[in-house]
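Okay, structure first, notes after.
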Amino acid sequence: KAGVTQTPRYLIKTRGQQVTLSCSPISGHRSVSWYQQTPGQGLQFLFEYFSETQRNKGNFPGRFSGRQFSNSRSEMNVSTLELGDSALYLCASSLVAGRQNTEAFFGQGTRLTVV
Amino acid sequence: AQSVTQLDSQVPVFEEAPVELRCNYSSSVSVYLFWYVQYPNQGLQLLLKYLSGSTLVESINGFEAEFNKSQTSFHLRKPSVHISDTAEYFCAVISQGGSEKLVFGKGTKLTVNP
């Protein structure tokens, strides 16, 4: 069974640009969550999608958005990039949403560098 | 809301020595607890979890963690570490009801030296 696939693995963008990251969950998983990982702030929750609906959202500005498609694949978009957006963005998939005894499987992440 | 405190940001140890990575949490509701491991340039992998039942949980590679409700702790231990255990370890909690997102600690970087 293939794991969680995130593309691209690495990305370099300039300030002011926008970026779209992609996440394909494990086959059969319907919930996708996104996290931002930085050395200073650690892992911070961005949002969770289930059945194409956003179920939960973290404390990030509106420049951060996401969506989920009918095949459960998810994308997140960051507009008007700032230097502070440089981070490892991790996607996690699980069978269903909000089921605490369901293991969350993480992808390898997309390393975004804003210059 | 929940919060997680990992008391040590870095833990250096020698190979075959025992190690304990500390994790304390704060929550007004009951929680489930997790330890994740992250190897360099990789995503997170679940190491072990406590949902209910026995307060001592074990992983397949020799780690164990004990849930202590009175001390709100979930410390991770291994009696003898290997070089290959060098990684960053994250403690996480999720409420048993209400907000359903994982809340992570800031991580502990374990370095095992020969």
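The values are calculated or read from the model by the stated rules, or taken from the named source; none is laboratory data. Remember, it's a predicted structure, so these values are computed and weren't measured experimentally. When we count neighbours, we look across all protein chains shown, and the Cβ atoms used for this are built from the backbone with ideal geometry, even at glycine. Only protein heavy atoms, including side chains, enter the accessible area calculation; ligands, DNA and RNA are left aside. Shrake-Rupley method; radii C 1.70, N 1.55, O 1.52, S 1.80 Å.
What does the buried accessible surface come to for A and B, summed over both chains, with the probe at 1.4 Å? Round to 100 Å². Approximately 1800 Å², summed over both chains. With protein chains left intact and a 1.4 Å probe, residues in chain A average 47 Å² of accessible area per residue.
The value of relative contact order for the range B:1-69, using C-alpha pairs under 8 Å at least six residues apart, is 21 percent.
Peptide B:88-96 has a mean shielding of 2, counted as Cβ atoms of other protein chains within 10 Å of each residue's Cβ.
Look at the dipole of chain B built from charges on Cβ: of B:V112, B:V29, B:L47, the Cα furthest out on the positive end belongs to B:V29.
Protection proxy ranking for A:12-22, B:101-111, B:37-47, using the average of other Cβ atoms within 10 Å per residue and placing the highest first: B:101-111, B:37-47, A:12-22. By accessible area, using a 1.4 Å probe on protein heavy atoms only, the range B:1-105 has 48% of its surface on carbon and sulfur. Distance check, please: which entries in B:K78/B:K106; B:K49/B:K109; A:K13/B:K106; B:K69/B:K101; A:K57/B:K106 exceed 22 angstrom between their Cα atoms? Beyond 22 Å: A:K13/B:K106. Remark: mean inter-chain Cβ contacts per residue of A:30-38 equal 2, using a 10 Å Cβ-Cβ cutoff to other protein chain atoms.
3J(HN,Hα) along the range B:68-75: 10, 5, 5, 9, 6, 10, 8, 6 Hz, from the Karplus curve 6.51 cos²θ - 1.76 cosθ + 1.60 with θ = phi - 60°, whole Hz, x for Gly and Pro. The chymotrypsin sites (Phe, Trp or Tyr not before Pro) found in the range A:1-69 that occupy coil by DSSP, while having at most 14 further C-beta atoms within 10 Å, are A:F69.
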